[in-house]
Amino acid sequence: MKAKIGFEIHVQLNTKQKLFCRCSADYTDKDPNTNICPICTGQPGSKPMPPNLEAIKNVIKVGLILGCKPNHVRIYFLRKHYFYPDLPKNYQITSEPLMVDGNFFGVKIREVHLEEDPGRYDLRNGYVDFNRSGTPLAEIVTEPDIESPEHAKGWLEKLFLYLKYSRAIRADPGSIRVDVNVSIEGGERVEIKNVNSIDGVYRSLKYEILRQTRMLIVGKRIKRETRHYDDEKRITAPLREKEDIADYRYIPDPDLIPIEISESLIDNIKRDILSPIEYEKILKNKYNLKENYIQKLLQNPEFLELCIYVLKNIKKEDPNRVAEILTNHVWRVIKDTNLEFHQIKNLQLVRNIERLLTILNRVDRNKLCDIVSAMLLNSEDPVNYAKKKRYLLQEVDKNKIISIVKEILTSETKAVNDYLNGKKKALSYLVGKVMSRLEIKPNPKTITEIIKEEIYRTYR
Amino acid sequence: MDIEKLAWIAKMKLDEKEKKELKKEIEKILETFKKIQEVDTSDIVFETISLSNTWFRYDTEPKKFDEEKIIQNFPKRENKKLEVPRLL
Amino acid sequence: MFTKEIIEDARSDPINHFEKIRKNIERNENEVNSFITLLLDEAEKEIKQTKEGKLAYLLIAIKDNILVEGIKTTAGSKMLKNYIAPFDATVIKNIKKEGGIIIGKTNMDEFACGSDGTTSAFGPTRNPLDLEKVPGGSSSGSAAVLAAEFADLALGSDTGGSIRNPSAFCSIFGFKPTYGIVSRYGLIDMAMSLDQIGPMAKDTYGLALLMDVISGKDIYDPTTIRKPTKSFTEIIENFKDNNLKGKKVVYAREFLDYTEDKIKRKFFNVIDYLNSLGLEIIETSLPEIEYAVPTYYLVVPSEFASAMQRYDGLKYGYRKEVRDIWNTIMESRKVLGREVKRRIFLGTFITSREEFGKWYKKAVLVRLKIRKRLLELFKKYDYLVSPTMPVLPWRIGEIQDPLTMYQMDVLTVLANLVGIPSGSVPIAKSVGFQVMGNLKEDHKVLELMYTVEQKFSKFIKTN
């Protein structure tokens, strides 16, 4: 059964300060009520400061990515009144639409606006923490153009990937809140409030559409209502009636001056945005990267930025070789050690990779990660480090290899003759035999060269 | 005028006497003021009273406020958490 | 100039000056009830320190809806009976920076909802000029303090006349600046688009002195604008009698229709005098005045109801804890006074979905119409004048009917609806002469006030 699904998506914006005060917008990992001030706790006499410019820019960025146009009239801030313990003023300051009339992968976007986040109310224990109160949120309102739970899931995944790239939203997982509106043919619109994950959206939709379909089949009428999603039971349930009647008594906030978005502000912001599609083009066309490297790079915007920097600044290297080191070894070190991107000195990484590439052929493959680790965490020069740890095969084992090669050549006379008669396969066979005798496996090319050298010397 | 509904929206509790009196007073006030309906406002566009222009704030390093000054006024607290009654 | 004498007295012997004030308070404050919180011990410590700045050693009374850090700020309400301010209002920061000493927080109508000083949860303030009479409101305590010489200067707040009304009734000077000239950060809201903090003093110079300290653009209040002049005190000090020659002064005949005869006579005395000085006096008709009070008492409760949402007993203020959260909020808000409740209900009603267009939206548009009309007037004229109050002070408790009380604001609400500057000069016992000017012409209003003061305000020194 075809459904009409729309969303109101709340995303946390990436700023240093809160929206109307100077408290930090990073409220995580802090003791309760230690990230507060008179403004974000609605003290008597407090007033909002002028809005955070970065928050405004971020909302505009989100809107541009969604294909919206700026709202070119005076945009007022409104007071949305309702009582709730986590809302200190018992009204929320929310803006009129800043960006309107967009389209993101076939789903029309009605508008994007700015609002302040309330604090956290621990329902079970009766505690309130205002650390989060006043942090900036963007709300994205779509038209009901989504047609199924599967469509919803795919679309939301793409949306969040693109939003991640814009750097306009905070990187924390689980910081999404979606109100889902769904109706099916013959029924009224039902709102499912506050779903916190894409999977939750998918599941709640599956349940709700089934519920509505069943009702229609038995001839019941689907009434317009607000429900909430229970992730444990995987069902939607009606909200209590009193919370259903919401008269927010919106009035323009007299403490704030309306916003006007200038063309120059928009142009400035447009220049900062690159979407995944554009990055993909660059990696493919400019650097000729193989597909699997491209996909790996696109997974993480910060890593992508780092890699593009390396590719841009590295001297005369095959980008695919560089990408191999980056996506395989550098990425692994970052993941395993939780290294922060801002801790990596980009230019030093470039020089180190250049250095690493000069010995790549002579290094034990298994030890590459250790070298890269030392490079990133201890600022070690890869060549000196590899020498120190005896990871360079030529230095350490060349003599050993030569003696083994001599042995093999002595015993594998048939293969040697085959090779001398032009059978290239025999060479590989000899290489394999030598390799099987070695604990530490060097680059096969090295062995090949040594064998050729020996044969030439012996059978000249 | 549904005084009960208003009382709920405004989260105010009134006894029966107060409800009656308040309802009468407000109705009388509105009766007296209804003459503003006769003023022609077709030429008026909404604008703010403030003469200030659009004003944005730069997103610099955050500033810390001493939360004790705020917490001291919490009517009930557990350490730094504000304690409130349960939602029924 | 009276204030200059006070400054001289205070700076030549600060401790002596303070003792004189303290004696006045100890002798008479019981009867007047002008303070909610007295800070005599704190002030005594301060006066012994070295003070520098424009307000050095001056004792200043602050209306109790302006936050002073570390001190109880109650807004005249049981709801905030024990609330300790976590920060200084911007105006207080400025006063402290200029060496001013805060002597106490003054009594006021609860949450500024009143026009006579009788709705405070801490008892009514009495008019020092006649203890049976009201001092006016809502900055009742600040006005009484100056009349009774309990302080050198005072701050009040004005939403519809709350500085000018008690200034007239207590025969002192009061001034409401252009909307946005003085920061409201730290002022407990009554109606955000009308409120202004303003100075109260024994003469125009005192007003100018405070204006120099408290006015100016403030990032903590985005509605603020730059001062219209670098120094208000310099304007007064450099004032010459013929500065105002040829200036056009207009008054509306409708103003006088509302006014008692005795006050009318005093008003025209001033008009005649100004005429004799060479100012041009014009009488005009302002039929819009009929809609001033209705518009005011529709817009204000709407904003007030919104401002009062935050008082739920949960994070500060009075909490009456019962079984669940909604009932706790309702029981706690019960402690608010009658007039406060009335305005919250009125405001909630007219901003509700069904009534919004008919009442709130209409009132806002009518307000803008009145504003448009009045600003046109100022294209032709320099000043708009009127009596400050339509009647003389009534007896405490005499006026109970809300509509009757609201009508008392008929001459003062205009300035707040439009945002223009307005001041009151005492011209006879409990009679004030109101001077209004164009937007951002605060200094010009003070000039005319100063002129009127020279001739008509000498009587207040014989207190």
Calculate how steeply helix A:53-65 sits against the longest principal axis of the alpha-carbon atoms of chain A, using the helix alpha-carbon long axis, and give the answer as 0 to 90 degrees to the nearest 10. 70
Here the Cα Rg-to-2.2 N^0.38 Å ratio for the range C:164-220 is 1.15
Over the range A:309-460, average the accessible area per residue using a 1.4 Å probe and give it in Å², no decimals. 59
Can you tell me, using C-alpha contacts under 8 Å and at least 6 residues apart, the relative contact order of chain A as a whole percent? 13
Non-local Lys pairs in the range C:337-396, i.e. 8 or more apart or on different chains, that have alpha carbons under 17 Å apart: 6
Would you mind calculating the gained length between A:Ile277 and A:Ser379 on full extension (0.36 nm times residue separation, minus the Cα-Cα distance), in nm to one decimal? 33.3 nm
Compute the projected area of the convex hull of the Cα atoms of chain A, averaged over all viewing directions, and report it in nm² to one decimal place. 31.1
What's the whole-number percent of alpha carbon pairs in chain C lying beyond 28 angstrom? 46
Average other protein chain Cβ within 10 Å of Cβ, residues A:48-58: 5
Positive minus negative residues near A:Thr28 (Lys, Arg vs Asp, Glu; Cβ under 13 Å): -2
Where does helix A:263-272 land angle-wise versus the long Cα axis of chain A, in degrees 0 to 90, nearest 10? 30
Quick one: buried accessible area between B and C, total over both chains, 1.4 angstrom probe, nearest 100 Å²? 6000
The range A:33-192 - percent of accessible surface contributed by carbon and sulfur, probe 1.4 Å: 48
quick shape note, the range A:3-265: Cα extents on principal axes in Å, largest first -> 56, 46, 34
Taking Lys and Arg as +1 and Asp and Glu as -1, residues besides C:Thr37 with C-beta under 14 Å from its C-beta add up to -1
Computed helical MRE - 222 nm, chain A, DSSP H runs ≥ 4 contributing -39500 (n - 2.57), nearest 500: -13000 deg cm²/dmol
State, in angstrom, two size descriptors of the range A:403-460 derived from its alpha carbons: Rg to one decimal place and Dmax to the nearest whole number. 10.4, 31
Using the Kirkwood radius over Cα pairs of the range A:282-373, the Stokes-Einstein translational diffusion coefficient at 10 °C and 1.306 mPa s, in µm²/s and rounded to a whole number, is 119
Any idea how many Lys pairs in the range A:172-265 come in under 22 angstrom at the alpha carbon, given 8 or more places apart or on separate chains? 8
Complex-versus-alone comparison for the range A:1-42, residues with a loss of 30 Å² or more in accessible area, probe 1.4 Å: A:Lys16, A:Gln17, A:Arg22, A:Pro32, A:Asn33, A:Thr34, A:Ile36, A:Pro38
Calculated SAXS-style log₁₀ I(q)/I(0) at q = 0.15, 0.16 Å⁻¹ - the range C:311-435, Debye, Cα scatterers: -0.98, -1.04
Taking the Kirkwood radius as the inverse of the mean 1/r across Cα pairs, report the Rg/Rh of the range C:116-264. 0.99
Where Rh denotes the Kirkwood radius from the mean inverse Cα pair distance, what is Rg over Rh for the range A:2-72? 1.09
Cα atoms only: what Rg and Dmax, in Å, come out for the range C:184-333? 22.4, 71
How well do other chains shield peptide C:231-242, expressed as the mean number of their Cβ atoms within 10 Å of each residue Cβ? 0
Total formal charge among the other residues, if their Cβ is under 12 angstrom from that of A:Asn58, Lys/Arg +1 and Asp/Glu -1: +2
Hey, can you rank A:451-458, C:61-68 by average C-beta count inside 10 Å, highest first? C:61-68, A:451-458
Using Cα pairs closer than 8 Å and at least 6 residues apart in sequence, work out the relative contact order for the range A:274-388, in percent. 22
Could you rank the peptides C:89-101, A:37-49 by their average count of other C-beta atoms within 10 Å per residue, with the highest value first? A:37-49, C:89-101
Buried accessible area between A and C (1.4 Å probe, both chains summed, ligands and nucleic acids excluded), in Å² to the nearest 100? 3100
Quick calc, the range A:1-158, dipole around Cα centre from Cβ unit charges on Lys, Arg (+) and Asp, Glu (-), nearest 20 debye, gives 380
Work out the mean other chain Cβ neighbour count within 10 Å for the residues of A:124-132 and drop it here as an integer. 5
Per the Kirkwood treatment, what hydrodynamic radius in Å, one decimal, follows for the protein assembly as shown from the mean inverse distance over all distinct Cα pairs? 33.0
Accessible carbon and sulfur surface of chain C relative to its total accessible area, %, 1.4 Å: 45
Sort B:55-67, A:339-351, C:440-452, A:198-210 by the packing proxy (mean of other Cβ within 10 Å over each peptide's residues), most packed first. C:440-452, A:198-210, B:55-67, A:339-351
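The values are calculated or read from the model by the stated rules, or taken from the named source; none is laboratory data. The model shown is predicted, which means the values in this text are computed figures rather than measured ones. Note that each Cβ is placed from the backbone with ideal geometry, even for glycine, and that neighbours are counted across all protein chains shown. Please note that ligands, DNA and RNA were not included when accessible areas were found on the heavy atoms of the full protein model with its side chains. Shrake-Rupley method; radii C 1.70, N 1.55, O 1.52, S 1.80 Å.
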